[in-house]
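A quick write-up on the structure given underneath.
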Amino acid sequence: MSAVLNSDKGNQYQQYTPSFADYWDDLVGWESRLAREGAFYNRLLNAHGARDVLDIATGTGVNAVSLARAGFRVTAADGSENMIAKAQENAKAYGVTFADTHVVDWLALDETLGTESYDAVVCLGNSFTHLFDHEDRRDALRAIRRVLRPGGMLIMDQRNYDSMLDEGYSSKHEFCYTGDGVDVGPVELTRTLAKFQYVFADGATFQLNMYPLRQDYLTHLLEDAGFANVERYGDLRRPYDRGNVDFVQQVAFRPL
Ligand code: SAM
């Protein structure tokens with residue numbers, strides 16, 4: 001099976017068809033990924049005293065399920081109905097329940113979920129890269145800020161596009177997408193488009209269009225949307241070598 005999903009750069013969550021939602025689970029490599037990153041996110045959220053956590057890019061649920069297993073009250077949201085359906089299946093299989101689930105676009109988060117409702121928002125697994133418009137990114141971050149309680153925390157995780165754009169793609173394949181037998185890499189890489197291809201062991205091939213978000217640009221966007229005290233981690237560690245990590249995590253706060 002082969003599909004080039006969503007060649008236009010519009011609503012990127014429409015790229016996640018039911019069949020891709022199924023394959024995504026293989027790509028994610030749940031157990032190995034959670035062994036590595038689960039404790040990191042739990043620790044960050046616990047250190048901040050978070051209880052009500054909103055995952056706005058739930059996907060098939062890897063982070064939402066892990067956070068629910070760790071005892072957080074998790075609201076699972078995603079723009080894709082297919083991904084949310086898969087996440088609910090996975091939550092059931094892992095014996096956890098979400099406090100709530102929503103199919104919602106980031107731009108409508110506060111309209112749908114209300115303002116000042118969560119202690120923390122997570123947007124993990126290279127998700128924010130799906131927005132192609134500067135204004136959409138700014139408006140989405142403002143909506144995220146509004147759903148957070150004052151003092152609330154946002155955690156975002158992106159591929160290290162700086163090193164990809166400046167030095168070319170290379171990945172240790174240790175972080176984030178660690179599923180067995182999945183070959184992942186960009187087939188097109190420009191300042192404004194990273195087209196990633198995922199080839200699965202059975203030959204199924206999918207492509208996703210992403211916007212290559214540079215680290216400093218995302219920090220600037222966060223501050224511009226009213227977030228403060230932005231902290232960055234590289235491959236879950238701090239300090240880090242900007243040119244030598246696969247993923248960058250940015251943590252930001254809604255001022256009190
Ligand atoms: N966090 C999960 C993980 O790491 O496996 C999912 C990551 S997946 C790369 C990105 C998710 O973001 C998809 O499920 C997609 O539907 C969702 N998404 C992309 N753009 C969105 C938008 N504008 N509003 C809501 N969800 C969106």
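Table for the structure above
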| read-out | value |
| --- | --- |
| Dipole magnitude of the chain about its Cα centre (Cβ charges: Lys, Arg +1; Asp, Glu -1), debye to nearest 20 | 680 debye |
| Average accessible surface area per residue within the stretch 12-253, 1.4 Å rolling probe, Å² | 39 Å² |
| DSSP-defined antiparallel bridges as percent of all bridges, the chain, nearest 5 | 55 percent |
| Tyr240 paired with Ala201, simple spin-label distance in nm, labels 7 Å along Cα-to-beta-carbon | 2.9 nm |
| Within the accessible area of the stretch 12-253 (1.4 Å probe), percent carbon and sulfur | 43 percent |
| Value of Rg/Rh across the chain [Cα atoms, Kirkwood radius] | 0.93 |
| Calculated P(r) tail over 14 Å for the stretch 42-98, as whole % of Cα pairs | 46 percent |
| Virtual spin-label span in nm between Tyr94 and Glu111, 7 Å along Cα→Cβ | 3.1 nm |
| Inter-site label distance for Asp22 and His134 at 7 Å from Cα along Cβ, in nm | 4.2 nm |
| Placed amide H near His48: partners under 5 Å, 5+ positions off or other chain | none |
| Computed helical MRE - 222 nm, the chain, DSSP H runs ≥ 4 contributing -39500 (n - 2.57), nearest 500 | -10000 deg cm²/dmol |
| Among Phe227, Phe72, Phe40, residue whose mean-square fluctuation peaks in a GNM of the chain (springs only between Cα atoms under 10 Å) | Phe40 |
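The values are calculated or read from the model by the stated rules, or taken from the named source; none is laboratory data. Because the structure is predicted, anything quoted here is derived from the model rather than measured. Backbone-built Cβ (ideal geometry, glycine too); neighbour counts: all protein chains shown. Just so you know, the surface numbers come from the protein's heavy atoms only, side chains and all, with ligands and any DNA or RNA stripped out. Shrake-Rupley method; radii C 1.70, N 1.55, O 1.52, S 1.80 Å.
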